[in-house]
Protein chains: 2
Amino acid sequence: MARINDNYLKLAAGYLFPEIARRVNAFAEANPEAKLIKLGIGDVTEPLPEAIRTAMIRAVNEMGKSESFHGYGPEQGYAWLREAIADHDYKARGCEIDASEIFVSDGSKCDSGNILDILGHDNTIAVCDPVYPVYVDTNVMAGHTGGANEDGRYEGLVYLPMTDANSFEPALPESPVDVVYLCYPNNPTGATASRETLKAWVDYALANNTLILFDAAYHAFITDEDVPHSIYEIEGARKCAIEFRSFSKNAGFTGTRCAFTVVPKGLTGKASDGSDVEIHGLWNRRQSTKFNGVSYIVQRGAEAAYSEEGKAQIEELVGFYMENARLIREGLIAAGMTVFGGINAPYVWVKTPDGVSSWDFFDQLLNEAHVVGTPGSGFGASGEGYFRISAFNSRENVEEALQRIGAKLAV
Amino acid sequence: MARINDNYLKLAAGYLFPEIARRVNAFAEANPEAKLIKLGIGDVTEPLPEAIRTAMIRAVNEMGKSESFHGYGPEQGYAWLREAIADHDYKARGCEIDASEIFVSDGSKCDSGNILDILGHDNTIAVCDPVYPVYVDTNVMAGHTGGANEDGRYEGLVYLPMTDANSFEPALPESPVDVVYLCYPNNPTGATASRETLKAWVDYALANNTLILFDAAYHAFITDEDVPHSIYEIEGARKCAIEFRSFSKNAGFTGTRCAFTVVPKGLTGKASDGSDVEIHGLWNRRQSTKFNGVSYIVQRGAEAAYSEEGKAQIEELVGFYMENARLIREGLIAAGMTVFGGINAPYVWVKTPDGVSSWDFFDQLLNEAHVVGTPGSGFGASGEGYFRISAFNSRENVEEALQRIGAKLAV
């Protein structure tokens, strides 16, 4: 009799976004005339840049001739894409990352979940709270936790609160942890980490042999000159950190699918016999065995993100969403709300008025303003009393949403 | 200190295809003038059909306008693609598979590896021998085996020999197993399973509560009317089988990336408390949490594989490779070799002449005929003394390879 992975049964509830979809669908069915504006899930809305589309069409046409047809590509990604990434995203910022340390994939969600394949089951794991739910849920599924308590916190994970009370700077763990997930610019709070903050994490990791899983999916939204884009801008990070990046949010690839993970050579973990094992080789083996590379056509599109035209078009796209973020911040402040984030990140993190719960505020916003956001408590116990508004939408929708919020919910 | 997954260290050697690449590169460096013909890895070579390219270009253009832009799609795949698959691949063959039971993915290699995420660690697992290495290696990586013996067989797996001696029909396991991997038409032997053979497996699975993981990646190459394309053509299979399929080999998608997995509702596994848990819900949760769907553009291409033009173009493509297979079969027989497969499958399985080992024959073919194939022993201990030749290449290359083999290696 085939046995299932029981750990799945520990998952406290549906993944956050399906639960939102359920409530939104129920509302839409009951109110078919209402025009909903979705500022919930962090999904881009603006067209894929022209330089990227042109490159993809060229690639599709190449696939139509034997002499330029592409079958299986390298599981790690094509050299030309890995080199473009190394040059533009790393060497240009002074980070010594080689193309061979970059693994192209179809998504950061996949990579940040799959990375657990190559780690042991007995690590002490820390996450910020609130947190991108994938980090937590994949650990539950892998059997790294006990059950959830009534706040939705799983036994065995170390939660690092990240709230207004500590200016969204989680304290270093009190006792050593083996693995810590960090996400900057932060999803969901929109907070950024200064060079000093990241240096403190790298120093902590080197002192405690901690592996940092650094999610930089939102780095393109950084506008302050002195905020680091990559963990590798900090000395020593090559010895303690893996970095996840994506084309989803900067280049509009949420539906096109391309991302990458950086695993520096020389970064090691411990085997049970006490020996040090290079993580690069393990990830390479994982990807070679369980993955077959990203579509050639999509990789050509991603490469075009680094052309002169591509870079200019992406800058414009990012600027568009950041102007949305500014409007949201200012509109909500004008409506009397307390807001965080939205400056170097496409998320505005709102304190719910009068201490109402995150899900109550969700329902209120949905029912009164027909606007969908994301309840902070869906990201963790410390997200209770907060609410995430995403800047990913058209200008028209953002302006209308703010108008409705101002009219219906001003405090 | 972050601990690694020690099970990776049990992996006996490099994954088969990288080892082949290593030998081929060494030969090519030493013999830069030699024109190598690769009939090793099962990678398609002919252009992507026009109907598919047209659909993909249309999709790229849609991504260029806000009103037809596509961001995150459903993790399970778009309904229109799932419905096309259900109608054309299943309902048209009398299989009651609903669109909601189909999960679109970026590859069968991924799915057949990832499926272990939702299964327990204490199942008894059977594989045919020889076998597609991914089934074995992913079980090793998940900790379901001990170490490898000198033949490369891992302790704890049940191997079902599949050789000339049993007409490539593996016997049912002597004692009950919880999970069995089956691949028909078979990679690497090119054998097919009759309705009776598959019925015996389904009956066995129902009697023993065994989960069948059925890989039908090569179904399009079946030419005999009475050979089943799907395990679901057998009554009762919905209660015991998951099926993997791919667009890689029929539609030429090895570099474009699209596949799907069928998980019937009502198929269950046991939790440790003895309760039955639907596997559909577990896989849905796995995919929702660790995967973000296939590129919209690629899914539109896959959908076009089911249009009238697409179907005709794919039929032509499959016919082209099957004519290669016929030429290879007949050419090798004329050269005095004993061959199997190549009739309902794009692989010809050759008995090495004079009992030479698979790797020796590999080196001989490489050095004397400058032709690359795949050593049978790379697929398992029972593959020793066999050799796989793939029909995926241009007509010109296939003919030249056969000429060289006839001239240099005829027995």
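The values are calculated or read from the model by the stated rules, or taken from the named source; none is laboratory data. Predicted, not measured: the structure shown is a model, and the values here were computed from it. Every residue, glycine as well, gets a Cβ built from its backbone with ideal geometry; the counts of neighbours run over all protein chains shown.
Quick notes
- Total residues in the range B:111-130, condition free of Cβ contacts under 8 Å to residues at least 40 places away in the same chain and touching a strand residue (DSSP E or B) at 6+ places or on another chain (Cβ under 7 Å): 1
- Candidate set from the range B:210-239 (those that are surrounded by fewer than 17 Cβ atoms within 10 Å (Cβ to Cβ) and of a type outside the set (Asp, Glu)); member that is nearest to the other protein chains (Cβ to nearest Cβ): B:Lys239
- Among the residues of the range A:99-119, those identified as outside any helix (DSSP H, G or I) and either of a type in the set (A, V, I, L, M, F, W, C) or at the interface with chain B (Cβ under 9 Å from one of its Cβ atoms) (or both) are A:Ile102, A:Phe103, A:Val104, A:Asp106, A:Gly107, A:Leu119.
- Only a single criterion out of (1) touching a Phe, Trp or Tyr at 6+ places or on another chain (Cβ under 9 Å); (2) more than 10 Å from chain B (Cβ to nearest Cβ); (3) at pLDDT 95 or above; (4) over 26 Å from B:Lys249 (Cβ atoms) is not satisfied by A:Glu83, namely (1).
- On the stretch given as the range A:149-166, residues that are in contact (Cβ under 8 Å) with a residue 60 or more places away in the chain and crowded, with 17+ Cβ neighbours inside 10 Å total 6.
- For the range B:1-27, filtered to residues that are facing chain A (nearest Cβ under 7 Å) and over 24 Å from the mean Cα position of the chain (by Cα), the residue that is farthest from B:Trp359 (Cα to Cα) is B:Met1.
- Looking across B:Gly281, B:Gly274, one residue alone is under 17 Å from B:Glu75 (Cβ atoms), free of Cβ contacts under 8 Å to residues at least 24 places away in the same chain and in the same structural domain as B:Asn187 (by TED's automatic domain parsing). It is B:Gly281.
- Test for A:Ala259: is it crowded, with 23+ Cβ neighbours inside 10 Å, farther than 29 Å from B:Gly293 by Cα and among the aliphatic types (A, V, I, L, M): no
- Among the residues of the range B:237-270, the ones that are without any contact (Cβ under 8 Å) to a residue 60 or more places away in the chain and among the β-branched types (Val, Ile, Thr) come to 1 in all.
- Residue in the range B:180-198 that is touching a residue at least 12 places away in the same chain (Cβ under 8 Å), out of contact with any strand residue (DSSP E or B) (no Cβ under 9 Å at 6 or more places or on another chain) and among the acidic types (Asp, Glu) present: no
- Filtered residues of the range B:237-282 (kept if closer than 19 Å to B:His121 by Cα and hydroxyl-bearing (Ser, Thr, Tyr)): B:Thr268, B:Ser272, B:Ser275
- Within the range B:240-254, considering residues that are part of a loop (DSSP other than H, G, I, E, B) and polar (S, T, N, Q), the one surrounded by the fewest Cβ atoms within 10 Å (Cβ to Cβ): B:Asn250
- B:Asp117 meets each of the listed conditions (1) on the phi < 0 side of the Ramachandran plot; (2) surrounded by 24 or more Cβ atoms within 10 Å (Cβ to Cβ); (3) within 18 Å of the chain's Cα centre (by Cα) apart from (3).
Results for (1) part of a helix (DSSP H, G or I); (2) free of Cβ contacts under 8 Å to residues at least 60 places away in the same chain; (3) of a type in the set (A, V, I, L, M), shown as yes or no for each residue.
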residue	(1), (2), (3)
B:Gly42	no, no, no
B:Leu48	no, no, yes
B:Ile52	yes, no, yes
B:Gly73	no, no, no
B:Lys91	yes, yes, no
B:Ile97	no, no, yes
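- Residues satisfying the stated conditions in the range A:62-76, i.e. facing chain B (nearest Cβ under 7 Å), of a type outside the set (Ser, Thr, Tyr) and out of contact with any Pro (no Cβ under 7 Å at 6 or more places or on another chain): A:His70, A:Gly71, A:Gly73
- Within the range A:234-291, being closer than 17 Å to A:Leu213 by Cα and of a type in the set (Ser, Thr, Tyr) holds for A:Ser246, A:Thr261, A:Thr268.
- Boolean, B:Tyr135 is away from chain A (no Cβ under 14 Å) and aromatic (Phe, Trp, Tyr): no
- Of all residues in the range B:28-61, those that are over 26 Å from B:Tyr321 (Cβ atoms) and either more than 9 Å from chain A (Cβ to nearest Cβ) or hydrophobic (A, V, I, L, M, F, W, C) (or both) total 8.
- Contacts under 7 angstrom Cβ, first residue in the range A:16-29 being in the same structural domain as A:Glu368 (by TED's automatic domain parsing) and in a helix (DSSP H, G or I), partner hydroxyl-bearing (Ser, Thr, Tyr) and buried (at least 16 other Cβ atoms within 10 Å of the Cβ), 6 or more apart: A:Pro18/B:Ser288; A:Ile20/A:Thr374
- Among the residues of the range B:220-252, those that are touching a strand residue (DSSP E or B) at 6+ places or on another chain (Cβ under 7 Å) and among the hydrophobic types (A, V, I, L, M, F, W, C) comprise B:Ile231, B:Cys240, B:Ala241, B:Ile242, B:Phe244, B:Phe247.
- The range A:274-290, residues that are at the interface with chain B (Cβ under 7 Å from one of its Cβ atoms), in contact with a Ser or Thr (Cβ under 7 Å, 6 or more places away or on another chain) and not aliphatic (A, V, I, L, M): A:Thr289, A:Lys290
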